[in-house]
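Peer 1: Take a look at the following structure, please.
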Amino acid sequence: MPTDLASVIRPVSEPRVVDGAYSDDQHARMIDVVRREGPWQLILAQHFASAEEVIATMSGAMPEGVTPTFDMFLTPTFRGYFAKYGTCLYPELEDCFHNSDFLARARSYWNADYARPDNMLFNIQGPAHSYDPAHLDATQFRGIDQKNTPIWLMNTMTKSGLFQHWLMKKAQVIAWFYKGTIGGGFTYWPQGPLAEPKRLAAPMWNRAVVVQNEMMYHRGEANGPIDQRLPKGLAFESLFEADPAVADGWQITTAGDVIQKIPASEMRFLVHWGAEVYSDFDELKMVMEHSDDLTHDQVFDMFIADMRARGHSFEVPTDPLRDRDFIKLLTGIYDLGTPRIYPAEAPGPHQEQLAA
């Protein structure tokens, strides 16, 4: 792993732990929305067009000669949104999204004047493996965000260190609701992927961290009984929803067939609130007026110039956003590899696969 690139991937501040992030009433309303508005798709199905894009988003590359497939990354972790594009999607959750306490924490985390809520998503799962070696959340740059750019490209931009000038300031409040007793914690590398990790251990009920997760390698840890972590019949099109036969139960279905029932005691619910942050009014004005935005052409021109300066020869693809060979090339050059150190209590994915 190149130490010069590894030094780039560090958050502006250490994560700050928050206990009691939401009221009981807010939590109940969020769960009501999840039960009412489901079913929910796999994270994998929502964000990636190829296995190469998954690899580019995570840390680490496939061994030489191994062709990646979606099945290699398939875990029963599902996602939905409470707010997108700065807009709350469910009126009963507006106080959760337009959260004065979270905004104050985001400003304090950056020592900035302004913050604006941007999105609010949730991950929901029962027992699940974690084959993620560690990843970065979707980074955002001025002119380059999830509305116009796949996640793999934004994260590769981050790892390259070439685009720091355009990096958007972001802060998240990530909260967990998990009563299970097996796994389910959070491992993170605040001093960069070459340094010792830190972790929050489960059970974590209504515990949160204020973070800059797009500049800090992190991973959710495996949770639940090992023999229940990969339900038979799990597929790319599987869905997560309320169990109609159990008041607080959940289930996973594939093509309409129930493949797993999940009791409330084993359900792990993560709520991810995110905000844009601006140091001062000048930065706010620059972002809102798009006076210093990147374009895709600029991004690929900078990548191509840098790769050629490093001595790499290649053909420029006609569709660099989706060309699998070009994605593999970028990953091979700019990927930082997996972190060197994992907590003994939460071993990396290779050890977990052996244990499974």
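Peer 1: Between residues in region 4-29 that are of a type in the set (Ser, Thr, Tyr) and at pLDDT 95 or above and residues that are assigned to a loop (DSSP other than H, G, I, E, B) and surrounded by 16 or more Cβ atoms within 10 Å (Cβ to Cβ), which pairs lie under 7 Å by C-beta distance while being six or more apart or on different chains?
Peer 2: none
Peer 1: How about region 121-144: which of its residues are closer than 28 Å to LYS261 by Cβ, of a type outside the set (Ser, Thr, Tyr) and either surrounded by 22 or more Cβ atoms within 10 Å (Cβ to Cβ) or at pLDDT below 95 (or both)?
Peer 2: Matches in region 121-144: ILE124, GLN125, GLY126, PRO127, ALA128, HIS129, ASP132.
Peer 1: Any chance you could count how many residues in region 180-202 are in contact with a Phe, Trp or Tyr (Cβ under 6 Å, 6 or more places away or on another chain) and over 16 Å from ILE341 (Cβ atoms)?
Peer 2: Looking only at that region, the number is 3.
Peer 1: Could you list, in sequence order, the residues of region 109-153 that are of a type in the set (Asp, Glu) and either part of a strand (DSSP E or B) or in contact (Cβ under 8 Å) with a residue 60 or more places away in the chain (or both)?
Peer 2: ASP113, ASP118, ASP132, ASP137, listed by residue number.
Peer 1: Of all the residues that make up region 126-178, how many are charged (D, E, K, R) and closer than 19 Å to GLN46 by Cα?
Peer 2: So the count comes out to 4.
Peer 1: Does ALA45 meet the test of being at pLDDT below 65, closer than 30 Å to THR254 by Cα and small (Gly, Ala, Ser)?
Peer 2: The answer is no for ALA45.
Peer 1: When the residues of region 172-216 are narrowed to those that are β-branched (Val, Ile, Thr) and either touching a Leu at 6+ places or on another chain (Cβ under 9 Å) or outside any strand (DSSP E or B) (or both), which ends up nearest to TRP273 (Cα to Cα)?
Peer 2: So, considering only residues that are β-branched (Val, Ile, Thr) and either touching a Leu at 6+ places or on another chain (Cβ under 9 Å) or outside any strand (DSSP E or B) (or both), the one nearest to TRP273 (Cα to Cα) is ILE174.
Peer 1: Acidic (Asp, Glu), touching a helix residue (DSSP H, G or I) at 6+ places or on another chain (Cβ under 8 Å), outside any loop (DSSP other than H, G, I, E, B) and at pLDDT 95 or above: is that true of ASP95 in this structure?
Peer 2: Numbers: acidic (Asp, Glu): yes; touching a helix residue (DSSP H, G or I) at 6+ places or on another chain (Cβ under 8 Å): yes; outside any loop (DSSP other than H, G, I, E, B): yes; at pLDDT 95 or above: yes.
Considered against the rule, which asks whether it is acidic (Asp, Glu), touching a helix residue (DSSP H, G or I) at 6+ places or on another chain (Cβ under 8 Å), outside any loop (DSSP other than H, G, I, E, B) and at pLDDT 95 or above, ASP95 comes out as yes.
Peer 1: Across region 122-166, what is the total count of residues that are of a type in the set (Phe, Trp, Tyr) and closer than 30 Å to ARG229 by Cα?
Peer 2: Going through region 122-166 one residue at a time, the tally reaches 3.
Peer 1: Scanning region 290-327 for residues that are of a type in the set (Phe, Trp, Tyr) and part of a helix (DSSP H, G or I), which turns out nearest to LEU162 (Cα to Cα)?
Peer 2: For region 290-327, the residue satisfying everything is PHE303.
Peer 1: Quick check on my filter: what residues within region 189-206 are surrounded by fewer than 20 Cβ atoms within 10 Å (Cβ to Cβ) and either more than 18 Å from VAL271 (Cα to Cα) or not polar (S, T, N, Q) (or both)?
Peer 2: Residues satisfying the conditions are PRO190, GLN191, LEU194, ALA195, GLU196, LYS198, ARG199, LEU200, ALA201, PRO203, TRP205.
Peer 1: Do you know which residues across region 273-289 are out of contact with any helix residue (DSSP H, G or I) (no Cβ under 8 Å at 6 or more places or on another chain) and part of a strand (DSSP E or B)? Walk me through it before giving the result.
Peer 2: Taking region 273-289 first, the residues out of contact with any helix residue (DSSP H, G or I) (no Cβ under 8 Å at 6 or more places or on another chain) are 274, 280-289.
The one that is out of contact with any helix residue (DSSP H, G or I) (no Cβ under 8 Å at 6 or more places or on another chain) and part of a strand (DSSP E or B): GLY274.
Peer 1: Considering each residue of region 273-292, count those that are exposed (fewer than 14 other Cβ atoms within 10 Å of the Cβ) and of a type outside the set (Gly, Ala, Ser), and give that number.
Peer 2: 8
The values are calculated or read from the model by the stated rules, or taken from the named source; none is laboratory data. Here the structure is a predicted model, which is why all the values come from computation and not from measurement. Because the Cβ atoms are built from the backbone with ideal geometry, glycine has one as well, and the counts that use them run over all protein chains shown.
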